[in-house]
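Below is one structure; the comments refer to it alone.
The values are calculated or read from the model by the stated rules, or taken from the named source; none is laboratory data. Quick caveat: nothing in here was measured; it's all calculated off a predicted structure. Here Cβ is always computed from backbone atoms with ideal geometry, including for glycine, and neighbour counts include all displayed protein chains.
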Amino acid sequence: MAQENELLNEAWNLLNKSIVNFNGKPVGTVAAQDKELDHLNYDQVFVRDFTVSAFAFMLNGETEIVKNFLELTLKLHTTEERLNWLKAPLGSMPASFKVESENGKEKIIADYGEHAIARVTPVDSSLWWLWLLRTYVRVTNDSDFARKPDFQKGIRLILKLCLTARFDMFPTLLVPDGSFMIDRRMEVHGYPLEIQVLFYIGLITAKELLIPNEENEKYINAVDERLGHLIHHLREYYWLDLDRLNEIYRYKVEEFGKTASNKFNIYPDSIPQVLLDWLPEGAGFFLGNLSPGRIDFRFFTAGNMYSIFTSLASNDQSKSILNTIDGAWDRFVGFMPLKVCIYALEGEAWRLSTGADRKNIPWSYHNAGSWPFLIWTLTAASIRIGREDLAIKAIEVLEKRISKDNWREYYDGKNNRFKGKEARQFQTWTIAGYILAKTLLKYPEKLSLISIDENIDVVPQEVKY
Ligand code: GLC
(Lines give C-alpha, C1' and ligand atoms only; values in the text may rest on other atoms or scores of the structure.)
Protein backbone atom coordinates (compact mmCIF):
# COMPACT_ATOMS: atom_id res chain seq x y z
CA MET A 1 0.00 0.00 0.00
CA ALA A 2 2.77 2.41 0.99
CA GLN A 3 4.55 1.65 -2.28
CA GLU A 4 1.35 2.14 -4.21
CA ASN A 5 0.80 5.54 -2.62
CA GLU A 6 4.37 6.50 -3.37
CA LEU A 7 3.79 5.73 -7.02
CA LEU A 8 0.62 7.77 -7.09
CA ASN A 9 2.38 10.69 -5.38
CA GLU A 10 5.17 10.50 -7.91
CA ALA A 11 2.60 10.56 -10.72
CA TRP A 12 0.82 13.59 -9.26
CA ASN A 13 4.10 15.48 -8.86
CA LEU A 14 5.01 14.79 -12.47
CA LEU A 15 1.55 15.71 -13.74
CA ASN A 16 1.61 18.99 -11.85
CA LYS A 17 5.07 19.73 -13.24
CA SER A 18 3.76 19.27 -16.79
CA ILE A 19 1.29 22.16 -16.49
CA VAL A 20 1.60 25.00 -19.01
CA ASN A 21 0.56 28.54 -18.10
CA PHE A 22 -0.68 31.33 -20.33
CA ASN A 23 -0.88 34.83 -18.88
CA GLY A 24 -0.47 33.35 -15.43
CA LYS A 25 -3.28 30.82 -15.77
CA PRO A 26 -2.92 27.04 -16.24
CA VAL A 27 -4.20 26.05 -19.70
CA GLY A 28 -2.89 22.56 -20.39
CA THR A 29 -0.11 19.99 -19.92
CA VAL A 30 2.92 19.33 -22.17
CA ALA A 31 3.00 15.99 -23.99
CA ALA A 32 6.29 14.89 -22.42
CA GLN A 33 9.04 16.15 -20.12
CA ASP A 34 11.92 14.22 -21.65
CA LYS A 35 15.24 16.00 -21.57
CA GLU A 36 17.16 13.24 -23.39
CA LEU A 37 15.44 12.78 -26.72
CA ASP A 38 14.99 15.58 -29.22
CA HIS A 39 11.83 17.45 -28.54
CA LEU A 40 10.03 17.54 -31.86
CA ASN A 41 6.72 18.93 -30.63
CA TYR A 42 6.45 17.02 -27.36
CA ASP A 43 6.84 20.32 -25.49
CA GLN A 44 3.42 21.37 -26.79
CA VAL A 45 -0.06 20.87 -25.34
CA PHE A 46 -1.79 18.21 -27.45
CA VAL A 47 -5.57 18.34 -27.33
CA ARG A 48 -5.94 14.54 -27.30
CA ASP A 49 -3.22 14.01 -24.69
CA PHE A 50 -4.57 16.76 -22.49
CA THR A 51 -7.97 15.09 -22.40
CA VAL A 52 -6.51 12.32 -20.24
CA SER A 53 -4.92 14.88 -17.90
CA ALA A 54 -8.19 16.81 -17.83
CA PHE A 55 -10.26 13.75 -16.87
CA ALA A 56 -7.71 12.96 -14.15
CA PHE A 57 -7.78 16.53 -12.83
CA MET A 58 -11.56 16.82 -12.92
CA LEU A 59 -12.28 13.53 -11.21
CA ASN A 60 -10.02 14.74 -8.44
CA GLY A 61 -11.83 18.05 -8.05
CA GLU A 62 -9.44 20.20 -10.11
CA THR A 63 -11.55 22.02 -12.71
CA GLU A 64 -9.96 25.44 -13.23
CA ILE A 65 -7.30 24.24 -15.71
CA VAL A 66 -9.99 22.54 -17.81
CA LYS A 67 -12.15 25.64 -17.86
CA ASN A 68 -9.19 27.73 -19.05
CA PHE A 69 -8.30 25.12 -21.66
CA LEU A 70 -11.86 24.97 -23.00
CA GLU A 71 -12.07 28.75 -23.29
CA LEU A 72 -8.71 29.06 -25.00
CA THR A 73 -9.32 26.27 -27.49
CA LEU A 74 -12.79 27.60 -28.19
CA LYS A 75 -11.11 30.71 -29.58
CA LEU A 76 -8.76 28.53 -31.59
CA HIS A 77 -11.58 26.94 -33.52
CA THR A 78 -13.98 29.83 -33.87
CA THR A 79 -11.84 32.82 -34.83
CA GLU A 80 -11.03 33.67 -38.42
CA GLU A 81 -7.66 35.34 -38.05
CA ARG A 82 -5.92 32.34 -36.51
CA LEU A 83 -4.81 30.86 -39.77
CA ASN A 84 -1.99 31.11 -42.24
CA TRP A 85 -2.16 30.14 -45.89
CA LEU A 86 -3.50 26.72 -45.04
CA LYS A 87 -6.98 27.95 -44.16
CA ALA A 88 -8.09 25.15 -41.87
CA PRO A 89 -11.88 25.42 -41.70
CA LEU A 90 -13.71 26.93 -38.74
CA GLY A 91 -14.67 24.22 -36.30
CA SER A 92 -11.39 22.39 -36.81
CA MET A 93 -9.04 22.44 -33.89
CA PRO A 94 -5.28 22.21 -33.64
CA ALA A 95 -3.54 18.96 -32.75
CA SER A 96 -1.38 20.99 -30.38
CA PHE A 97 -0.37 24.46 -29.29
CA LYS A 98 2.41 26.18 -27.39
CA VAL A 99 2.87 29.46 -25.57
CA GLU A 100 5.58 31.79 -26.90
CA SER A 101 6.84 35.09 -25.60
CA GLU A 102 7.38 38.08 -27.88
CA ASN A 103 8.51 41.42 -26.48
CA GLY A 104 7.34 40.37 -23.05
CA LYS A 105 3.89 39.42 -24.38
CA GLU A 106 2.69 35.85 -24.43
CA LYS A 107 0.97 34.41 -27.47
CA ILE A 108 -0.43 31.06 -28.55
CA ILE A 109 1.07 29.27 -31.54
CA ALA A 110 -1.24 26.50 -32.72
CA ASP A 111 -0.60 23.66 -35.15
CA TYR A 112 -3.62 22.59 -37.19
CA GLY A 113 -1.51 20.06 -39.03
CA GLU A 114 0.52 22.53 -41.08
CA HIS A 115 3.67 21.80 -39.05
CA ALA A 116 3.02 18.23 -37.95
CA ILE A 117 5.13 15.39 -39.36
CA ALA A 118 3.55 14.41 -42.71
CA ARG A 119 1.07 17.30 -42.34
CA VAL A 120 -1.70 15.15 -40.86
CA THR A 121 -5.14 16.57 -40.01
CA PRO A 122 -6.18 16.17 -36.35
CA VAL A 123 -9.87 15.42 -36.90
CA ASP A 124 -10.18 14.02 -33.38
CA SER A 125 -9.33 17.32 -31.63
CA SER A 126 -12.75 18.92 -32.11
CA LEU A 127 -14.43 15.70 -30.98
CA TRP A 128 -12.27 15.50 -27.86
CA TRP A 129 -13.18 19.09 -27.12
CA LEU A 130 -16.88 18.20 -27.12
CA TRP A 131 -16.35 15.24 -24.79
CA LEU A 132 -14.31 17.42 -22.43
CA LEU A 133 -16.94 20.15 -22.43
CA ARG A 134 -19.65 17.62 -21.58
CA THR A 135 -17.56 16.20 -18.74
CA TYR A 136 -16.72 19.65 -17.40
CA VAL A 137 -20.41 20.54 -17.25
CA ARG A 138 -21.25 17.28 -15.48
CA VAL A 139 -18.44 17.63 -12.95
CA THR A 140 -19.12 21.27 -12.07
CA ASN A 141 -22.91 21.20 -12.58
CA ASP A 142 -22.39 24.50 -14.37
CA SER A 143 -24.64 23.99 -17.38
CA ASP A 144 -24.70 27.76 -17.99
CA PHE A 145 -21.05 27.48 -19.03
CA ALA A 146 -21.90 25.58 -22.22
CA ARG A 147 -25.04 27.65 -22.79
CA LYS A 148 -23.04 30.83 -23.37
CA PRO A 149 -23.45 32.09 -26.97
CA ASP A 150 -19.79 31.59 -27.89
CA PHE A 151 -19.85 27.97 -26.70
CA GLN A 152 -23.10 27.30 -28.51
CA LYS A 153 -21.48 28.71 -31.63
CA GLY A 154 -18.40 26.55 -31.05
CA ILE A 155 -20.56 23.43 -30.91
CA ARG A 156 -22.46 24.43 -34.06
CA LEU A 157 -19.24 25.06 -35.99
CA ILE A 158 -17.95 21.58 -35.21
CA LEU A 159 -21.27 20.06 -36.21
CA LYS A 160 -21.31 22.01 -39.43
CA LEU A 161 -17.90 20.68 -40.31
CA CYS A 162 -18.85 17.09 -39.51
CA LEU A 163 -22.35 17.07 -40.96
CA THR A 164 -21.87 18.95 -44.23
CA ALA A 165 -22.83 16.74 -47.18
CA ARG A 166 -19.88 15.51 -49.22
CA PHE A 167 -19.23 12.94 -51.91
CA ASP A 168 -19.96 10.19 -49.46
CA MET A 169 -22.96 8.04 -48.59
CA PHE A 170 -22.09 6.51 -45.23
CA PRO A 171 -23.28 7.84 -41.85
CA THR A 172 -19.72 7.41 -40.56
CA LEU A 173 -17.20 10.27 -40.82
CA LEU A 174 -14.79 10.12 -43.77
CA VAL A 175 -11.26 11.17 -42.75
CA PRO A 176 -7.75 11.25 -44.22
CA ASP A 177 -4.87 9.10 -42.97
CA GLY A 178 -3.43 9.72 -39.49
CA SER A 179 -6.32 11.88 -38.30
CA PHE A 180 -6.34 10.75 -34.67
CA MET A 181 -4.06 9.17 -32.05
CA ILE A 182 -2.50 7.09 -34.83
CA ASP A 183 -1.20 10.16 -36.59
CA ARG A 184 0.89 8.37 -39.19
CA ARG A 185 0.19 6.40 -42.30
CA MET A 186 -1.09 3.07 -41.04
CA GLU A 187 -3.99 2.18 -43.35
CA VAL A 188 -6.28 4.11 -41.01
CA HIS A 189 -7.82 6.43 -43.58
CA GLY A 190 -11.49 6.25 -44.53
CA TYR A 191 -13.69 5.33 -41.59
CA PRO A 192 -11.43 4.27 -38.71
CA LEU A 193 -13.20 3.05 -35.59
CA GLU A 194 -11.71 5.49 -33.08
CA ILE A 195 -12.94 8.50 -35.06
CA GLN A 196 -16.40 6.95 -35.44
CA VAL A 197 -16.76 6.35 -31.71
CA LEU A 198 -15.56 9.89 -30.95
CA PHE A 199 -18.01 11.17 -33.56
CA TYR A 200 -20.82 9.27 -31.85
CA ILE A 201 -19.80 10.75 -28.47
CA GLY A 202 -19.55 14.21 -30.04
CA LEU A 203 -23.07 13.98 -31.48
CA ILE A 204 -24.50 12.85 -28.14
CA THR A 205 -22.73 15.75 -26.47
CA ALA A 206 -24.16 18.23 -28.96
CA LYS A 207 -27.62 16.79 -28.42
CA GLU A 208 -27.24 17.29 -24.67
CA LEU A 209 -25.66 20.74 -24.71
CA LEU A 210 -27.37 22.61 -27.54
CA ILE A 211 -30.19 24.79 -26.25
CA PRO A 212 -33.40 23.95 -28.14
CA ASN A 213 -34.04 27.27 -29.89
CA GLU A 214 -34.66 28.45 -33.42
CA GLU A 215 -31.01 28.84 -34.29
CA ASN A 216 -30.10 25.37 -33.06
CA GLU A 217 -33.16 23.52 -34.30
CA LYS A 218 -31.79 22.41 -37.63
CA TYR A 219 -28.58 21.22 -35.98
CA ILE A 220 -30.46 19.24 -33.35
CA ASN A 221 -32.58 17.57 -36.04
CA ALA A 222 -29.52 16.77 -38.12
CA VAL A 223 -27.78 15.30 -35.08
CA ASP A 224 -30.77 13.10 -34.28
CA GLU A 225 -30.98 11.75 -37.76
CA ARG A 226 -27.26 11.13 -38.13
CA LEU A 227 -26.95 9.50 -34.72
CA GLY A 228 -29.68 6.98 -35.48
CA HIS A 229 -27.97 5.95 -38.73
CA LEU A 230 -24.48 6.01 -37.25
CA ILE A 231 -25.43 3.75 -34.35
CA HIS A 232 -27.14 1.29 -36.63
CA HIS A 233 -24.24 1.24 -39.09
CA LEU A 234 -21.62 0.66 -36.40
CA ARG A 235 -23.55 -1.94 -34.44
CA GLU A 236 -24.58 -3.83 -37.52
CA TYR A 237 -21.65 -3.66 -39.93
CA TYR A 238 -18.62 -3.08 -37.68
CA TRP A 239 -19.38 -5.92 -35.30
CA LEU A 240 -17.30 -9.08 -35.63
CA ASP A 241 -17.59 -12.32 -33.72
CA LEU A 242 -17.28 -15.96 -34.71
CA ASP A 243 -20.80 -16.11 -36.18
CA ARG A 244 -20.22 -13.05 -38.25
CA LEU A 245 -16.81 -14.27 -39.34
CA ASN A 246 -18.44 -17.48 -40.57
CA GLU A 247 -20.94 -15.41 -42.48
CA ILE A 248 -18.19 -13.39 -44.16
CA TYR A 249 -16.27 -16.60 -44.88
CA ARG A 250 -19.21 -17.83 -46.96
CA TYR A 251 -20.15 -14.50 -48.53
CA LYS A 252 -21.33 -14.37 -52.12
CA VAL A 253 -19.74 -11.49 -54.01
CA GLU A 254 -20.62 -9.04 -56.80
CA GLU A 255 -24.20 -8.67 -55.62
CA PHE A 256 -26.15 -5.73 -56.92
CA GLY A 257 -29.08 -3.78 -55.54
CA LYS A 258 -31.32 -3.86 -52.50
CA THR A 259 -31.27 -7.58 -51.82
CA ALA A 260 -27.47 -7.87 -51.58
CA SER A 261 -26.43 -9.53 -48.33
CA ASN A 262 -22.75 -8.72 -48.81
CA LYS A 263 -23.48 -5.01 -49.13
CA PHE A 264 -19.88 -3.80 -49.22
CA ASN A 265 -18.65 -6.56 -51.53
CA ILE A 266 -16.14 -8.05 -49.14
CA TYR A 267 -14.19 -10.94 -50.61
CA PRO A 268 -13.86 -13.86 -48.15
CA ASP A 269 -10.23 -14.26 -49.17
CA SER A 270 -9.49 -10.93 -47.52
CA ILE A 271 -9.92 -12.51 -44.05
CA PRO A 272 -6.31 -12.55 -42.84
CA GLN A 273 -4.89 -15.79 -41.47
CA VAL A 274 -3.29 -13.85 -38.63
CA LEU A 275 -6.75 -12.92 -37.33
CA LEU A 276 -7.71 -16.57 -37.06
CA ASP A 277 -4.43 -17.28 -35.29
CA TRP A 278 -5.01 -14.92 -32.37
CA LEU A 279 -8.79 -14.55 -32.06
CA PRO A 280 -9.76 -16.24 -28.78
CA GLU A 281 -12.96 -18.22 -28.16
CA GLY A 282 -15.91 -16.10 -27.08
CA ALA A 283 -14.33 -13.05 -28.65
CA GLY A 284 -16.14 -10.22 -30.35
CA PHE A 285 -15.20 -6.67 -31.19
CA PHE A 286 -15.82 -3.67 -33.40
CA LEU A 287 -13.79 -3.83 -36.60
CA GLY A 288 -11.05 -1.33 -37.32
CA ASN A 289 -12.49 0.12 -40.51
CA LEU A 290 -15.07 -0.51 -43.20
CA SER A 291 -15.38 0.94 -46.69
CA PRO A 292 -16.34 -0.33 -50.14
CA GLY A 293 -14.70 -3.72 -50.67
CA ARG A 294 -12.59 -3.40 -47.56
CA ILE A 295 -12.71 -4.52 -43.95
CA ASP A 296 -9.82 -3.80 -41.63
CA PHE A 297 -9.87 -6.85 -39.37
CA ARG A 298 -7.52 -5.40 -36.76
CA PHE A 299 -8.69 -4.89 -33.18
CA PHE A 300 -8.11 -1.24 -32.26
CA THR A 301 -8.14 -0.94 -28.51
CA ALA A 302 -9.11 2.68 -27.82
CA GLY A 303 -12.26 2.66 -29.98
CA ASN A 304 -13.36 -0.68 -28.57
CA MET A 305 -12.85 0.45 -24.98
CA TYR A 306 -14.69 3.76 -25.47
CA SER A 307 -17.57 1.90 -27.10
CA ILE A 308 -18.13 -0.05 -23.87
CA PHE A 309 -18.54 2.80 -21.41
CA THR A 310 -20.34 5.09 -23.83
CA SER A 311 -23.05 2.51 -24.57
CA LEU A 312 -22.30 2.14 -28.23
CA ALA A 313 -21.78 -1.55 -27.50
CA SER A 314 -24.59 -3.54 -25.93
CA ASN A 315 -23.95 -5.34 -22.66
CA ASP A 316 -23.32 -8.66 -24.42
CA GLN A 317 -21.04 -7.04 -26.96
CA SER A 318 -19.13 -5.32 -24.18
CA LYS A 319 -18.55 -8.65 -22.47
CA SER A 320 -17.27 -10.16 -25.72
CA ILE A 321 -14.88 -7.26 -26.23
CA LEU A 322 -13.37 -7.76 -22.80
CA ASN A 323 -13.28 -11.53 -23.39
CA THR A 324 -11.13 -10.76 -26.39
CA ILE A 325 -8.59 -8.98 -24.22
CA ASP A 326 -8.81 -11.59 -21.49
CA GLY A 327 -8.36 -14.44 -23.95
CA ALA A 328 -5.29 -12.87 -25.58
CA TRP A 329 -3.87 -11.42 -22.36
CA ASP A 330 -0.20 -12.12 -23.13
CA ARG A 331 -0.43 -10.03 -26.26
CA PHE A 332 -2.64 -7.21 -25.00
CA VAL A 333 -1.02 -6.84 -21.60
CA GLY A 334 2.03 -9.08 -21.46
CA PHE A 335 4.78 -7.14 -19.72
CA MET A 336 3.06 -3.75 -20.07
CA PRO A 337 -0.53 -2.82 -20.85
CA LEU A 338 -2.04 -2.09 -23.37
CA LYS A 339 -1.60 -2.89 -27.05
CA VAL A 340 -2.89 -0.11 -29.28
CA CYS A 341 -4.00 -2.67 -31.85
CA ILE A 342 -3.71 -6.30 -32.75
CA TYR A 343 -2.24 -7.52 -35.11
CA ALA A 344 0.84 -5.88 -36.64
CA LEU A 345 1.31 -5.15 -40.33
CA GLU A 346 4.34 -7.16 -41.38
CA GLY A 347 6.52 -7.73 -44.43
CA GLU A 348 5.15 -6.43 -47.70
CA ALA A 349 1.94 -5.26 -46.01
CA TRP A 350 4.06 -3.12 -43.64
CA ARG A 351 6.15 -1.71 -46.51
CA LEU A 352 3.15 -0.77 -48.65
CA SER A 353 0.73 0.30 -45.94
CA THR A 354 3.05 2.38 -43.79
CA GLY A 355 5.31 3.58 -46.60
CA ALA A 356 8.17 1.56 -45.08
CA ASP A 357 7.93 3.65 -41.90
CA ARG A 358 10.85 2.69 -39.61
CA LYS A 359 9.07 4.09 -36.59
CA ASN A 360 6.12 1.80 -37.21
CA ILE A 361 7.92 -1.51 -37.73
CA PRO A 362 5.87 -4.56 -36.67
CA TRP A 363 5.00 -4.69 -32.95
CA SER A 364 6.29 -1.18 -32.35
CA TYR A 365 4.69 2.23 -31.78
CA HIS A 366 1.32 2.47 -33.58
CA ASN A 367 1.88 -0.80 -35.39
CA ALA A 368 0.82 -2.97 -32.45
CA GLY A 369 3.04 -1.41 -29.82
CA SER A 370 1.75 -1.07 -26.27
CA TRP A 371 0.65 2.30 -24.81
CA PRO A 372 0.39 2.51 -21.03
CA PHE A 373 -1.99 5.50 -21.15
CA LEU A 374 -4.66 3.13 -22.43
CA ILE A 375 -4.87 1.62 -18.95
CA TRP A 376 -7.58 4.13 -18.07
CA THR A 377 -9.76 2.98 -20.95
CA LEU A 378 -9.52 -0.67 -19.89
CA THR A 379 -10.27 0.35 -16.31
CA ALA A 380 -13.36 2.34 -17.30
CA ALA A 381 -14.60 -0.47 -19.54
CA SER A 382 -14.01 -3.10 -16.87
CA ILE A 383 -15.90 -1.11 -14.25
CA ARG A 384 -18.78 -0.62 -16.64
CA ILE A 385 -19.42 -4.32 -16.97
CA GLY A 386 -18.26 -5.56 -13.59
CA ARG A 387 -14.89 -7.02 -14.65
CA GLU A 388 -12.71 -4.90 -12.36
CA ASP A 389 -10.53 -7.98 -11.95
CA LEU A 390 -9.09 -7.30 -15.41
CA ALA A 391 -8.20 -3.70 -14.59
CA ILE A 392 -6.66 -4.66 -11.26
CA LYS A 393 -4.53 -7.35 -12.90
CA ALA A 394 -3.35 -5.02 -15.66
CA ILE A 395 -2.55 -2.18 -13.26
CA GLU A 396 -0.43 -4.55 -11.18
CA VAL A 397 1.62 -5.38 -14.26
CA LEU A 398 2.02 -1.70 -15.08
CA GLU A 399 3.06 -0.75 -11.56
CA LYS A 400 6.01 -3.15 -11.66
CA ARG A 401 7.89 -1.17 -14.28
CA ILE A 402 6.32 2.15 -15.06
CA SER A 403 8.29 4.32 -12.64
CA LYS A 404 11.54 2.37 -13.07
CA ASP A 405 11.23 2.98 -16.81
CA ASN A 406 10.52 6.69 -16.29
CA TRP A 407 6.86 6.62 -17.45
CA ARG A 408 7.52 5.66 -21.05
CA GLU A 409 5.29 6.63 -23.91
CA TYR A 410 5.07 3.14 -25.46
CA TYR A 411 6.54 -0.38 -25.47
CA ASP A 412 7.58 -2.73 -28.28
CA GLY A 413 7.50 -6.44 -28.98
CA LYS A 414 4.82 -9.09 -29.25
CA ASN A 415 4.49 -9.24 -25.46
CA ASN A 416 5.41 -5.61 -24.74
CA ARG A 417 8.73 -6.49 -23.20
CA PHE A 418 10.89 -3.72 -24.66
CA LYS A 419 10.87 -0.02 -23.91
CA GLY A 420 9.74 1.61 -27.17
CA LYS A 421 12.62 2.35 -29.49
CA GLU A 422 11.90 6.06 -29.59
CA ALA A 423 9.54 6.24 -26.64
CA ARG A 424 9.66 9.49 -24.71
CA GLN A 425 10.21 9.40 -20.96
CA PHE A 426 7.87 11.16 -18.54
CA GLN A 427 5.10 11.07 -21.10
CA THR A 428 2.21 13.00 -19.59
CA TRP A 429 -0.68 10.84 -20.75
CA THR A 430 1.09 7.75 -19.41
CA ILE A 431 1.21 9.50 -16.03
CA ALA A 432 -2.33 10.89 -16.21
CA GLY A 433 -3.72 7.60 -17.54
CA TYR A 434 -2.36 5.85 -14.46
CA ILE A 435 -3.82 8.45 -12.09
CA LEU A 436 -7.15 8.26 -13.87
CA ALA A 437 -7.23 4.46 -13.71
CA LYS A 438 -6.46 4.49 -9.98
CA THR A 439 -9.08 7.17 -9.36
CA LEU A 440 -11.74 5.21 -11.22
CA LEU A 441 -10.95 2.03 -9.35
CA LYS A 442 -11.17 3.82 -6.02
CA TYR A 443 -14.32 5.78 -6.88
CA PRO A 444 -16.11 3.72 -9.56
CA GLU A 445 -19.20 5.92 -9.24
CA LYS A 446 -17.21 8.76 -10.82
CA LEU A 447 -17.16 6.92 -14.13
CA SER A 448 -20.66 8.27 -14.76
CA LEU A 449 -19.16 11.75 -15.18
CA ILE A 450 -17.28 10.59 -18.28
CA SER A 451 -19.45 7.77 -19.56
CA ILE A 452 -22.72 7.71 -21.50
CA ASP A 453 -25.80 6.15 -20.03
CA GLU A 454 -27.28 2.99 -21.44
CA ASN A 455 -30.61 4.70 -21.82
CA ILE A 456 -29.54 7.14 -24.50
CA ASP A 457 -32.55 8.51 -26.17
CA VAL A 458 -31.71 7.59 -29.79
CA VAL A 459 -33.46 5.14 -32.07
CA PRO A 460 -31.06 3.24 -34.33
CA GLN A 461 -32.17 3.63 -37.93
CA GLU A 462 -31.21 1.48 -40.84
CA VAL A 463 -29.77 3.13 -43.94
CA LYS A 464 -31.29 1.53 -47.01
CA TYR A 465 -28.13 0.81 -48.94
C1 GLC B 1 2.61 11.13 -31.09
C2 GLC B 1 1.39 10.23 -31.00
C3 GLC B 1 0.15 11.06 -30.79
C4 GLC B 1 0.30 11.92 -29.57
C5 GLC B 1 1.58 12.76 -29.66
C6 GLC B 1 1.89 13.51 -28.40
O7 GLC B 1 2.54 11.93 -32.22
O8 GLC B 1 1.28 9.45 -32.16
O9 GLC B 1 -0.97 10.22 -30.67
O10 GLC B 1 -0.81 12.76 -29.42
O11 GLC B 1 2.69 11.92 -29.93
O12 GLC B 1 2.05 12.64 -27.33
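Listed by position, the helices (runs of 4 or more DSSP H) inside the range 291-386 whose residues that are touching a residue at least 60 places away in the same chain (Cβ under 8 Å), in contact with a Leu (Cβ under 9 Å, 6 or more places away or on another chain) and surrounded by 19 or more Cβ atoms within 10 Å (Cβ to Cβ) number at least 1 are 301-309, 315-327, 347-354, 375-384.
When the range 12-35 is filtered for residues that are within 17 Å of Ala423 (Cβ to Cβ) and not in a loop (DSSP other than H, G, I, E, B), the ones remaining, listed by number, are Leu14, Ala32. Determine, yes or no, whether Val47 is buried (at least 19 other Cβ atoms within 10 Å of the Cβ), of a type in the set (Val, Ile, Thr), modelled with pLDDT of 95 or more and under 13 Å from Trp129 (Cβ atoms). In short, yes.
Does Glu36 satisfy being acidic (Asp, Glu), farther than 20 Å from Asp142 by Cβ and more than 14 Å from the ligand (Cβ to nearest atom)? Taking the combined requirement at face value, the residue satisfies it. Annotation note: of Glu399, Glu388, the sole residue that is over 25 Å from Val197 (Cβ atoms) and either within 16 Å of the ligand (Cβ to nearest atom) or of a type outside the set (S, T, N, Q) (or both) is Glu399.
Considering Ile431, Ile395, Ile402, the condition of being of a type in the set (A, V, I, L, M, F, W, C) and more than 19 Å from Arg331 (Cα to Cα) is satisfied by Ile431 alone. Tell me, please, whether a residue that is under 22 Å from Ser53 (Cα atoms), within 16 Å of the ligand (Cβ to nearest atom) and over 20 Å from the mean Cα position of the chain (by Cα) can be found in the range 423-431. The answer is yes; a qualifying residue exists. Out of Val66, Val120, one residue alone is within 19 Å of the chain's Cα centre (by Cα) and surrounded by fewer than 20 Cβ atoms within 10 Å (Cβ to Cβ). It is Val120. In the set Phe180, Phe170, Phe145, only one residue is surrounded by fewer than 20 Cβ atoms within 10 Å (Cβ to Cβ) and either touching a strand residue (DSSP E or B) at 6+ places or on another chain (Cβ under 8 Å) or part of a loop (DSSP other than H, G, I, E, B) (or both); that residue is Phe170. Filtered by the rule that a residue be at negative phi and either within 16 Å of the ligand (Cβ to nearest atom) or in a strand (DSSP E or B) (or both), the range 405-418 gives Arg408, Glu409, Tyr410, Tyr411, Asp412, Phe418.
Out of all the residues in the range 153-185, which are within 16 Å of the ligand (Cβ to nearest atom) and within 25 Å of Thr78 (Cβ to Cβ)? Show your work before the answer.
As a first pass, look at the range 153-185 and keep what is within 16 Å of the ligand (Cβ to nearest atom): 175-185.
Scanning the range 153-185 gives Val175, Pro176, Gly178, Ser179, Phe180, Met181, Asp183.
Please indicate, with yes or no, whether at least one residue in the range 107-119 is away from the ligand (no atom under 15 Å from the Cβ), touching a residue at least 12 places away in the same chain (Cβ under 8 Å), within 17 Å of Thr79 (Cβ to Cβ) and not in a loop (DSSP other than H, G, I, E, B). There is at least one residue in the range 107-119 that is away from the ligand (no atom under 15 Å from the Cβ), touching a residue at least 12 places away in the same chain (Cβ under 8 Å), within 17 Å of Thr79 (Cβ to Cβ) and not in a loop (DSSP other than H, G, I, E, B).
In summary, Leu275 fulfils each of the numbered conditions (1) more than 30 Å from Leu157 (Cα to Cα); (2) out of contact with any Phe, Trp or Tyr (no Cβ under 6 Å at 6 or more places or on another chain) with the single exception of condition (2).
Listed by first and then second residue, the pairs with beta-carbon distance under 9 Å, at least 6 apart or on different chains, first residue in the range 263-276 and more than 14 Å from Tyr238 (Cα to Cα) and among the hydroxyl-bearing types (Ser, Thr, Tyr), second part of a helix (DSSP H, G or I) and at pLDDT 95 or above, are Ser270/Ile248. Can you find a residue that is closer than 25 Å to Ser179 by Cβ, touching a residue at least 24 places away in the same chain (Cβ under 8 Å) and in a helix (DSSP H, G or I) anywhere in the range 393-404? Within the range 393-404, not a single residue is closer than 25 Å to Ser179 by Cβ, touching a residue at least 24 places away in the same chain (Cβ under 8 Å) and in a helix (DSSP H, G or I).
Of all residues in the range 233-263, those being of a type outside the set (Ser, Thr, Tyr) and farther than 25 Å from Ile308 by Cβ number 11. Residues in the range 186-218 that are within 16 Å of the ligand (Cβ to nearest atom) and surrounded by fewer than 18 Cβ atoms within 10 Å (Cβ to Cβ): His189 alone.
Within the group Ser364, Ser353, Ser382, which residue is more than 21 Å from Trp429 (Cβ to Cβ) and of a type outside the set (Lys, Arg)? From the options Ser364, Ser353, Ser382, the qualifying one is Ser353.
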